[in-house]
1. The conditions are (1) outside any strand (DSSP E or B); (2) more than 17 Å from the chain's Cα centre (by Cα); (3) farther than 19 Å from Ala281 by Cβ; (4) of a type outside the set (D, E, K, R), and Asn232 fails exactly one of them. Which is it?
2. Run down Lys235, Lys194, Lys211 and say which single residue is within 17 Å of Leu178 (Cα to Cα), of a type outside the set (Gly, Ala, Ser) and in contact with a helix residue (DSSP H, G or I) (Cβ under 9 Å, 6 or more places away or on another chain).
3. So which residues in the stretch 289-337 are part of a strand (DSSP E or B), of a type in the set (S, T, N, Q) and more than 21 Å from Ala61 (Cβ to Cβ), if there are any at all?
4. Just the residues that are in contact with a strand residue (DSSP E or B) (Cβ under 9 Å, 6 or more places away or on another chain), more than 30 Å from Leu221 (Cα to Cα) and outside any strand (DSSP E or B), please, taken from the stretch 171-190.
5. Which one of these is outside any helix (DSSP H, G or I), within 23 Å of Arg315 (Cβ to Cβ) and at pLDDT 95 or above: Leu14, Leu52?
6. Any residue in the stretch 353-365 that is assigned to a helix (DSSP H, G or I) and either within 20 Å of the chain's Cα centre (by Cα) or surrounded by 13 or more Cβ atoms within 10 Å (Cβ to Cβ) (or both)?
7. Quick one: how many residues across the stretch 105-152 are in a loop (DSSP other than H, G, I, E, B), hydrophobic (A, V, I, L, M, F, W, C) and surrounded by 15 or more Cβ atoms within 10 Å (Cβ to Cβ)?
8. Considering only residues of the stretch 177-208 that are of a type in the set (D, E, K, R), under 19 Å from Ser156 (Cα atoms) and touching a residue at least 24 places away in the same chain (Cβ under 8 Å), which is surrounded by the most Cβ atoms within 10 Å (Cβ to Cβ)?
Amino acid sequence: MKRIQLAAMLVGLLTQTVPVTAWAADPVGLTVAAQSRSMIWNAVAVDHGRVLVAGPRWTGAAGPSVAVIGKDGKPQPYPDAAWNGWEIGAPTAKAFVNVNSIHLDGKGALWVVDTGTPNFGSDPLPGAAKLVQIDLASNRVKRVVPLGSDVVLAGSYVDDIRFNGTFAYLTDAGRPGLIVFDMKRNRLRRVLDKDPSTTAPANRPVILGGKTLQGPDGKPLRINSDPMEVSNDGKWLYFGPLSGPWSRIATRWLNDAAVTPKQLATKVEAWADLPPTGGTALDANGDLYFSDLATDSLKRRSAAGKITTIITDKRLHWVDAPFIDADRTIWLPVPQLDRVGLFNGGASSVDWPVQLFRLPLPPAK
């Protein structure tokens, strides 16, 4: 890991950014919100105009795991330097080991998903996998939820989180499965473990630029349950492996701890055959916005199932985890994950600076 960090420092010790207030619109409305020559962000959340970004350790990036973009356009550690100061061998309970995603809960808090895995493909360190709830008003950690060994298993890589009333759902991109978090009772359950709906099919490779994305072992990279969304009425969870296809399941079955694993598996339904995507966002219309990795595009699947292309731009190479803010602006982090050294024999081809874009969406219906 020290070698990876050193390589990132050699790439660029200084963070160069475009201030968040300095939008320079192009003809289609795609604008650069911020950019960095040291931090690789794959996640974004925007709260009342405040922009928060995050990125995993294994990309070789330098800088904080979670940051807030300051008025000068530069990322500052969030919620503080201590949470972002973890090093190999240090305690893991009160520091970010490897952050894969961030998400707002709609109730004044930012939740951080810490996979607890310092290296890509490694098992989570004991006690390191966790959810961290940060109060956005005070910028203080409000709650830490350890993801115990009964839900985070050998090979797990907890990927993302979505909220539904007093429940939250998480995907596991490493060991196929979902995690159900009953926030009221503080209970976690692992479900659909190794189910076909959560497992990346061997016949759906991730292809970018005509090349199959390969893992560090030289084999086609298979990323299990990764993107997901909750329907606006809270009745359905949509989910799938990164390469697709997507399934759905009624949340009433997920929320019921009395449903057996065998029974739950029968409740899964086929939903949408989407291409490999870096991330998704569901809007108030029920439209699903997703990045099409093969074409450097942002696309939209309507509630009726019609897919249209919003924009295709070579700068949108591997958009990951879009976010739609209260003003119906979609934020697009572009970490270029397939270009990091981990997937290219140690030789990074990241096109610096890493950028964060935003794009206005039509008014809600």
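1. Just one mismatch for Asn232, condition (3).
2. Only one candidate passes the filter, namely Lys235.
3. Across the stretch 289-337, the qualifying residues are Ser297, Thr308, Thr309, Thr312, Thr329.
4. The answer is Met183, Lys184, Asn186.
5. Selected residue: Leu52, the only one of Leu14, Leu52 that is outside any helix (DSSP H, G or I), within 23 Å of Arg315 (Cβ to Cβ) and at pLDDT 95 or above.
6. no
7. Residues meeting the conditions: 8.
8. Looking at residues that are of a type in the set (D, E, K, R), under 19 Å from Ser156 (Cα atoms) and touching a residue at least 24 places away in the same chain (Cβ under 8 Å), I get Arg190.
The values are calculated or read from the model by the stated rules, or taken from the named source; none is laboratory data. All of these numbers come straight from a predicted model, not from anything done at the bench. Here the Cβ is made from the backbone with ideal geometry for all residues, glycine too, and neighbour counts use every protein chain on show.
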